[in-house]
Amino acid sequence: MATVSLKVPGGNKITIPHYPIDMIGADERAGTFTKRSIKKQSKLDALYLAIEMTDLTTLGGDDTPGKVEQLCGKAINPVPPQYLEELSRLVPNKELRPIPSVAAVCVYPEQVPVAVRCLEGTGINIASVATAFPAGQLPLDIKLKDVQRAVKFGATEIDMVIDRGAFLRGDYQKVFDEIVAVKEACGEDVHLKVILETGELKTYDNVRLASWMAMEAGADFIKTSTGKVQPAATMPVTLIMLQAIQDFYEQTGKKIGMKPAGGIKTAKQAIHYLVMVNETLGSDWLDPHMFRFGASTLLNDLLRQIFAQYSGQYFYDDIFSLD
Amino acid sequence: MKVVKTIKLYINGEFVRTESGRSYSYNVAGKNTQFARLCQASRKDFRNAVESSKEGFKSWASKTAYNKSQILYRMAEMTEGKRHEFEELFMEALGKTQGEATAMVDSAIDTFVYYSGFCDKFHQIAGSINPVAGPFHNFTHIEGVGVTTLVEDDEFDFQKLVDSICSILTGGNSVIVLLGEGCPAVLGPLAEVFATSDLSNGTVNILSGHLDELRDYIAQHREVRSVSFQSSREDVFHDMKQKSTDNMKRMIPRHKKQKCLENILNFVEYKTVWHPVGY
Amino acid sequence: MTKKKTTKKAAKKTAKKSTSKAAKTKTPKAAKSVKKTTKKAAPVKTKKFVFDYDPAPESKAIVNIKSRYEHFINGEFVAPVAGKYMDTINPATTEVLAKVAVGDAKDVDKAVKAARKAFEGTWGQMSGSERGKYLFRIARILQERAREFAVLETLDGGKPIKESRDVDVPLAAAHFFYYAGWADKIEYAVPGREAKPVGVCGQIIPWNFPLLMAAWKIAPALAAGNTVVLKPAEQTSLTALLLAEVCQEAELPAGVVNIVTGAGETGAAITAHQDINKIAFTGSTDIGKIIAKAIAGSNKKLTLELGGKSANIIYEDAALDQAVEGVVNGIFFNQGHVCCAGSRVLVEESIADTFIKKLEKRMKQLRVGDPMDKNTDVGAINSKEQLDKIKALVAKGKTEGGNFHEADVKIPSKGYFCKPCFFAHQSASSTISRVEVFGPVLSIQTFRTPDEAITKANDTNYGLAAGIWSEKGSKIHKTALGLKAGVIWANTYNKFDPTAPFGGFFESGYGREGGLQGILPYLEVK
């Protein structure tokens, strides 16, 4: 892969130099974060932070308003109050920190109105996947309509997919132009997350290049995956993207956010990701504005672990799984 | 009246007199008649040889195994071409019969041929690909140690001399030969073999002289990376070993036999290379 | 159009939001609302999340440290003849862990006699496959008692538990497994030739990888049919003595492995012993030379694995983030107490600034401290003596110009600790770029062309290891050929494996350990 040259709006050109990644070295480094042992208060704090960073997601062909209502309810109050009361009875001497709401719910455009209704006034963001999610294999005008509709319905964040076909055949300009166009369709107030679908880009060199292109094109966040392709988010892929964000920040002063999505199911995994963010980008990114988890079942495990952390006991799984 | 020639040293591809201006007489075996005069190599001659050998090593080490093999075979051919000269020397200087002399040359030629065939094979026998427990390609490659000094036995054995030189060359090293007192006159025709075998200057240097004068100097010269000690003087070997520890010189004792892999492996280093296997 | 609407909606939300609970820490609600109104202005000023990892100490309960340790001779733990003992300390706390026997010539003689008897008796008579089975058994027991070994190694030596747990102990077990399989296949190690064991081997090992070095020495020696007398370093004898217990547990015949503890004098008694056939030493080049001199007059075989000043070459086309990792791993692994540590970085001038910036940032993340904490990256310097030596060299380095950078990290006030650091842009003749520091101290220099890199890398009397970082295959191979070093790590560093030969050129010693080539020094080829 060589240096990539792109035309940017206004007629100028930018070049993105090849930045090679050694796969084995990256895998090894990513592995070191999973060796960290996070205990006690630092663990509890991380679990809370992970909840605040969660984009609670449902992206099924079988999504219905009923499902989305349930999801929004859980987004606002992840745990039914009665169980919190039970927990406080178990540990009467401990001060229980309230369980926060999640950062956002993430749904298809068709479900955005439902989410808007349910989340009115909560401050929880409504993220919508758009641009012919997940394959992105439709003409740009249709993708843009998809985006405009979602925004019109009230989505505050758009999770777009890049055209992987164009990327893999070397038509980087098309990939870039689409992101620029979607960003414009989003307007200034709607955050744009650009999904690279790293499971289809395959190599870390590709991930690095796609990350950089997305950031140059105006992404507010870069995101690993749709969740529809395996592998979805992995530690090494996320590391490559975090390092790209770091270098982009060093060069431009712009702080871009990161969202690993898909495959993060356990609290332990989430903590590994937070450790990785902590030891690469640092505290500035340990913030829901800068880092999100795209996940559905993760939230339940975070709650389970929080309860266990307070009480030393594991609760019924079912009490957390209402959504 | 016979003209007694002075046999010159062979340094850096040239036949030169010792810078010290000293020579000594080499007599016909068992008689008091002079066979030839030989240069008595000095420390400075040795130092010059080391300088030349350093360059010779670089050039020799960078040749392909196939090319090394060709050159060693060329040495066999050139020895064959000088067969009569060698035979006459052995008969006249050592008192060998024609049959004995012929056998000596035959076995030396065989030895050149033997090592010629080893140049591009011993890596495959003694090198390795190592199945490490991880995503790495790992192989152990063999290369020469560097400038090597051969201390030849005082009891002359042509085949052993050729074997000692070849095992060093085959391993990828340059060699400075210090001939023993047995038949230093072999320097002449032998050096001509090397001079006409497409070797770069300095790959082989040959000196005549006295071990006792040079031994400390050889042991302590840090550019000499190894010594093949084929002399039977074990006390000298131990003494040189002791004096050579400052640069951790590889001090190789007398070979137990000829024409074998072990002799080559005495003068090699193993280099293990790791590289990740990934996209 | 859409933009207007969103703004309006956002404003409405903010108004409604006033009832939402005041967040102690920032909640997404509060954060979001502010962001909505102020658009992309500064994010909410709340307390930053500071991710401090709470202490995560490994439990010491698994290890039962005795108050006194004896020699292991002829299958039994026996008191030293002279009755002398020395202290072994935990360098992280400076507390005395135990007393350890000090061996003298008499103890060594007892051990050698036991080894000779075993060599001529049990072990020497045994078939290769039976020998192999003992080694397999030792390997398995090592794995099963891995945690115990790891904890003891860290307590006695100061290395991070993470390393003793994930590197030292598993690799030690792997070495026994690997060489176990060679025991009945010796004829394939020297095809076409005949080989016999050498006899009784005297083995002297250092304090930086106490158990692992014992495994490197004992496993190939035993596989080849030799018996051994091993002396661990006086600072770190405990895991070797635990390995002696494993030998007992494995019912290894008496006298096959003997361990005599002590310091330099004990080692000298081993090298001087007349009935030892081979000496294998790992340690400093200075001591290596003394040993080589001491046995020069004998016909003892000798292998030496000595010091190094290994170069890590970083080309401009390297995968830079991985190269930074490799450099960090190369010099800060095991506090830099590694003979093959990548203690000299040679970086191509065009990327030097970027590289150094990334390195500084990365070094900030190193957690220096309690070796027993599972999150510790850099543990305690092994001894006061070593710490003093490192400090003296760093002080000297500071007088020689260049840029000195010390990692911005905290270190404990008690125990022997040293902040990871580097010297950049010093001359090639400076102390730090030539002398083996054996600590977390790096020298960084620049180069312009591959030839210059190779010349600079080879500009040392050592020749143990080197690193190459480039994404260009042919450049890697050409560089690897040019480097005078026994181990070349290309796009990686500090990797070890029982199947991969390890050892140096020149003053880094001779002979190889590991792999097929590693068994050869323990064989006498006929």
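The table below gives the values:
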item	result
Pair C:Lys84, B:Lys58: separation of 7 Å Cα→Cβ label points (nm)	5.2 nm
Relative contact order %, chain C, counting alpha carbon pairs below 8 Å whose residues are six or more apart	16 percent
Net charge dipole size for chain B [Lys, Arg +1 and Asp, Glu -1 on Cβ; Debye, nearest 20]	520 debye
Cα-projected label distance for A:Val229 with C:Leu481, points at 7 Å along beta-carbon direction, nm	4.1 nm
Proxy reagent accessibility, fewest Cβ within 10 Å first, across B:Ser42, A:Ser5, A:Ser101, C:Ser413	C:Ser413, A:Ser5, B:Ser42, A:Ser101
Assigned charges on the beta-carbon of Lys, Arg, Asp, Glu; region C:68-306 dipole about Cα centre (debye)	540 debye
Antiparallel bridge percentage (DSSP; both residues within region B:134-279; nearest 5)	40 percent
Helix A:40-52 vs. chain A, principal-axis angle (Cα, 0 to 90°, nearest 10)	60 degrees
Projected label distance in nm at C:Ser59 and C:Lys185, using a 7 Å step from Cα toward the beta-carbon	4.0 nm
For a label point 7 Å along the Cα-to-beta-carbon line of C:Glu76, residues of region C:240-258 with backbone N under 20 Å	C:241-258
Residues A:Phe33, C:Phe404, C:Phe281 arranged by fewest to most Cβ contacts within 10 Å	C:Phe404, A:Phe33, C:Phe281
Ellipsoid semi-axes in whole angstrom, largest first, where each is sqrt(5λ) of the Cα gyration tensor of the protein assembly as shown	67, 36, 23
Rg and Dmax of chain C, Cα atoms only, in Å	26.9, 96
Relative contact order, percent, chain B [alpha-carbon distance under 8 Å, six or more residues apart]	25 percent
Cleavage-rule hits (trypsin sites (Lys or Arg not before Pro)) in region B:32-119: DSSP loop, at most 15 neighbouring Cβ within 10 angstrom	none
Relative contact order for region C:376-463, counting Cα pairs under 8 Å that sit 6 or more residues apart, in percent	26 percent
Two-site FRET efficiency, B:Phe15 against B:Tyr66, from Cβ-Cβ distance with R₀ of 45 Å, rounded to 0.05	0.95
Degrees between helix B:211-220 axis and first principal axis of chain B (Cα, 0 to 90, nearest 10)	20 degrees
Which of C:Glu507, B:Glu213 has the fewest Cβ neighbours within 10 Å, and the rest in rising order	B:Glu213, C:Glu507
Dipole of region A:128-208, positive end: most advanced residue of A:Thr131, A:Ala155, A:Leu192 [Cβ charges, Cα centre]	A:Thr131
Estimated dipole of the protein assembly as shown in Debye, rounded to 20 [Cβ of Lys and Arg +1, of Asp and Glu -1, Cα centre]	3940 debye
Ellipticity estimate at 222 nm from DSSP helix runs (n ≥ 4, -39,500 (n - 2.57)) divided over the protein assembly as shown, nearest 500	-13000 deg cm²/dmol
Chain B: antiparallel DSSP beta bridges as a percent of all, rounded to 5	55 percent
Span from the region A:256-273 Cα centroid across to the region C:132-183 one, whole angstrom	34 Å
Positive-end residue, the protein assembly as shown charge dipole about Cα centroid, Cβ charges, pick of C:Ala352, B:Gln40, C:Ala173	C:Ala352
Prolate/oblate/rounded call for region C:311-496, Cα gyration tensor, a/c under 1.5 rounded	prolate
Residue (of C:Ser284, C:Ala195, C:Ala101) at the positive-pole extreme of chain C, dipole from beta-carbon charges	C:Ser284
Pairwise centroid distance, computed over Cα atoms, of region A:144-196 with region C:227-250, Å	64 Å
Set A:Lys40/C:Lys384; A:Lys40/C:Lys495; A:Lys259/C:Lys410; C:Lys358/C:Lys414; B:Lys44/B:Lys241; A:Lys40/C:Lys48 screened for pairs whose C-alpha atoms are more than 25 Å apart	A:Lys40/C:Lys384; A:Lys40/C:Lys495; A:Lys259/C:Lys410; C:Lys358/C:Lys414
Between helix A:81-90 and chain A: long-axis angle, C-alpha atoms, 0 to 90°, nearest 10	60 degrees
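None of the figures in this text is laboratory data; all of them are computed from the coordinates on show. From a predicted model like this one, the values you see are computed outputs, not experimental measurements. Positions of Cβ are generated from backbone atoms using ideal geometry, with glycine treated the same way; all protein chains shown enter the neighbour counts.
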